[in-house]
1. Go through the range 1-27 and count every residue that is closer than 22 Å to Glu77 by Cα, hydrophobic (A, V, I, L, M, F, W, C) and either free of Cβ contacts under 8 Å to residues at least 24 places away in the same chain or assigned to a loop (DSSP other than H, G, I, E, B) (or both).
2. Select from the range 4-22 the residues that are in contact with a strand residue (DSSP E or B) (Cβ under 6 Å, 6 or more places away or on another chain) and either surrounded by fewer than 19 Cβ atoms within 10 Å (Cβ to Cβ) or farther than 21 Å from Leu65 by Cβ (or both) and list them in ascending order.
3. On the phi > 0 side of the Ramachandran plot, at pLDDT below 95 and among the charged types (D, E, K, R): does that describe Lys78?
4. Being out of contact with any Leu (no Cβ under 8 Å at 6 or more places or on another chain), surrounded by fewer than 13 Cβ atoms within 10 Å (Cβ to Cβ) and either in a helix (DSSP H, G or I) or among the aliphatic types (A, V, I, L, M) (or both) is the filter here; which residues of the range 28-67 pass it?
5. Please verify whether Ile94 is part of a strand (DSSP E or B), surrounded by 14 or more Cβ atoms within 10 Å (Cβ to Cβ) and at negative phi, treating the condition exactly as stated.
6. In the range 28-53, which residues are within 18 Å of Gly75 (Cβ to Cβ) and among the acidic types (Asp, Glu)?
7. I'm trying to understand the selection: among the residues of the range 1-38, which are of a type in the set (A, V, I, L, M, F, W, C), within 15 Å of Leu101 (Cβ to Cβ) and in contact with a Phe, Trp or Tyr (Cβ under 8 Å, 6 or more places away or on another chain)?
Amino acid sequence: MDCIFCKITQKQLPSDIVFENNKMTVITDINPKAPKHLLIIPKEHIESVNELSENNKDLIAEMILLAKDTARQQGIEKGYKLVFNVGRPGGQVIFHLHLHLLGGWHQETHEVHI
């Protein structure tokens, strides 16, 4: 498989790993869109949210809870965004499921956009 995130989680490519366990890897995004921009990546290769099934409920819950814990560890727990980009029209560039954790803005200077 020629998936960059599979290669990162299997240590075939270098990356700034913030956290890792047997199911997930958290890395710093190389093209940050926020002062803190991390990616929560499951080690299991799933192409996108559209490929998820009922069998993946625990995986998604783990990703979101890991994002919450990572936000706390990074000191951004008071305000952050979680984003899944789905499909090329939805902004997905790498076709391996991943959750963006973005934060670190100063409250008085950051406008909220939904």
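1. The qualifying residues number 2.
2. Ser15, Asp16, Ile17, Val18, Phe19
3. no
4. Selection gives Ile30, Asn50, Glu54, Asn55, Lys57, Asp58, Ala61, Leu65.
5. No.
6. Once the filter is applied, which keeps residues that are within 18 Å of Gly75 (Cβ to Cβ) and among the acidic types (Asp, Glu), the range 28-53 yields only Asp29.
7. Once the filter is applied, which keeps residues that are of a type in the set (A, V, I, L, M, F, W, C), within 15 Å of Leu101 (Cβ to Cβ) and in contact with a Phe, Trp or Tyr (Cβ under 8 Å, 6 or more places away or on another chain), the range 1-38 yields Val26, Ala34.
The values are calculated or read from the model by the stated rules, or taken from the named source; none is laboratory data. These figures come from a predicted structure and were not determined experimentally. All Cβ positions, even for glycine, are placed from backbone atoms using ideal geometry, and neighbour counts span all protein chains on display.
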